[in-house]
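Remarks on the structure that follows.
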Amino acid sequence: MTALTFTVSTSVGTGRLPPGATTAGAGPITLPHTAGHGPCMIRATREVQMSEGIPTSGSYARSTGTVRALTLMIDFSDAPGEGEALDRFREFFPQTRQWFRTSSYGRLDYRPETPIPTWLRMPKSFREYGIERGAPFDPGYRTLVQDIVEAADPDVDFRAYDILNVLVTPNAGPSALDTVLSVTFAGNPEAPSGDGIPVANASFVYSRQDDGSGSYDRTGYRVLPHENGHVFGLPDLYTAEGGGAVGHWDIMSEDWGANNDFLGWHKWKLGWLDAEQVHCVPAPGTTEYALTPLARAGGTKLVVVPLDSRTGYAAELRTRAGNDESVCRPGVLIYKVDAEVDTGMGPVRVQDARRDSGGCTRAPNVHAELSDAPFRPGETFRDTRRGIEIEVVGADPAGNFLVRVKRD
Ligand SMILES: [Zn+2]
């Protein structure tokens with residue numbers, strides 16, 4: 001079971017576009033903010049492959065409005081597709097489309113399209129591409145993307161799509177229980193071109209994330225919203241130690257097991273929160289905010305307490321609703337965001353209200369220790385060194401939580 005916590009995918013982003021360049025579907029979203037949000041728009045001061053900084057670099061796919069996902073099912077001579085290619089498609093849709101609709105409060109209209117509804121046969125055998133976990137874009141994936149473009153080109157106008165999903169026949173490569181191959185190459189303007197457009201944002205899904213618990217039909221699709229999170233510029237939140245930094249509080253941390261949502265920070269970063277739903281607290285003093293549940297549309301979603309130009313604390317209210325189906329101790333989740341820590345190295349760290357408690361869930365593939373991390377009424381998060389307190393003052397009958405922030 002330990003292997004299961006080392007979930008999914010490396011992600012390899014490659015730098016930034018030169019000024020003025022564009023790729024299909026790429027381009028900075030308009031991040032809702034005011035001048036008052038400035039101190040909370042933390043940025044990396046050095047080169048970071050994939051950063052939690054705000055706003056996201058414009059080389060990734062746009063994460064609001066209509067996003068067209070070219071979705072191709074591929075197979076190989078040494079791993080011929082079994083059954084209908086559209087059955088493979090139906091392992092991920094319409095669930096992935098609905099997941100994004102729910103998480104984004106309807107702001108991301110994700111449209112998967114299958115102009116080629118059959119298995120697309122690659123010219124080389126799976127073995128010849130040399131695909132393994134952690135394989136870089138060059139040479140194996142470059143060759144594979146080139147071959148995909150060439151094979152699909154007669155039936156596909158690549159200019160019509162924002163992102164590419166490649167659903168590989170599940171009999172190619174190892175079981176996901178042994179090695180998770182699924183991977184995304186994001187923000188990559190050097191990728192091979194189709195119809196003159198670099199295929200810059202592509203997610204590959206291999207095998208099946210089936211832990212044998214009988215939940216595959218409900219939860220097996222979740223690797224795809226995770227991989228697509230990368231094409232929208234989000235880093236991996238699990239680390240070499242597994243899900244111990246963020247637990248089950250974001251699908252970029254854990255995408256096996258029960259459904260979960262994005263952090264409020266990610267929703268702001270993706271352009272899914274209005275400016276008035278995010279409060280920035282840069283100055284000394286005491287202020288209060290009524291947080292509404294993150295899963296519910298409308299109201300205050302996020303309070304950010306910046307520490308410096310690259311780090312800050314964020315607070316949000318998590319309940320069992322929407323995409324969050326395993327929450328066992330609803331309350332105010334508090335976490336530290338560091339824009340200068342790279343993907344997979346722990347750019348977000350949840351602050352545990354009940355350290356070493358063992359947690360409140362035994363759900364499979366849910367990091368237990370952090371499952372009871374949220375702060376409940378009467379509990380206070382303190383960073384005494386930085387002179388910051390976030391106190392949960394109470395809850396109202398509508399289910400909103402009042403938090404009081406004190407800064408020295
Ligand atoms: Zn990932």
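The values are calculated or read from the model by the stated rules, or taken from the named source; none is laboratory data. Bear in mind the structure is a predicted one, so any value in this text is a computation, not a measurement. With ideal geometry, Cβ positions are generated from the backbone for all residues, glycine too; neighbour counts draw on all protein chains shown.
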Discussion item. Suppose the filter is touching a helix residue (DSSP H, G or I) at 6+ places or on another chain (Cβ under 8 Å) and either farther than 25 Å from Thr56 by Cβ or in the same structural domain as Gln98 (by TED's automatic domain parsing) (or both); does Ala368 pass it?
Written reply: no
Practice prompt. For Glu254, indicate whether it is more than 16 Å from the ligand (Cβ to nearest atom), charged (D, E, K, R) and either buried (at least 20 other Cβ atoms within 10 Å of the Cβ) or assigned to a loop (DSSP other than H, G, I, E, B) (or both).
Written response: no
Worksheet entry | Criterion: within 16 Å of the ligand (Cβ to nearest atom) and touching a residue at least 12 places away in the same chain (Cβ under 8 Å) - qualifying residue of Pro374, Pro347, Pro330 | Pro347
Worksheet item: Of all residues in segment 294-334, which are closer than 17 Å to Asp372 by Cβ, part of a strand (DSSP E or B) and of a type outside the set (D, E, K, R)?
Response: Ala315, Leu317, Gly331, Val332, Leu333, Ile334
Discussion item. Can you find a residue that is within 16 Å of the ligand (Cβ to nearest atom), assigned by TED's automatic domain parsing to the domain that holds Arg62, farther than 25 Å from Arg90 by Cβ and assigned to a loop (DSSP other than H, G, I, E, B) anywhere in segment 160-179?
Written reply: no
Worksheet, complete the sentence: Checked segment 74-120 for anything in a helix (DSSP H, G or I) and not charged (D, E, K, R); matches are Ala85, Leu86, Phe89, Gln95, Thr96, Gln98, Trp99, Phe100, Thr102, Ser103
Worksheet item: Which of the residues belonging to segment 207-219 are in contact (Cβ under 8 Å) with a residue 60 or more places away in the chain and either within 16 Å of the ligand (Cβ to nearest atom) or in contact with a strand residue (DSSP E or B) (Cβ under 8 Å, 6 or more places away or on another chain) (or both)?
Response: Gln209
Item to complete: Specify which of the listed residues (Thr343, Thr319) is at pLDDT 95 or above, crowded, with 21+ Cβ neighbours inside 10 Å and of a type in the set (S, T, N, Q).
Response: Thr343
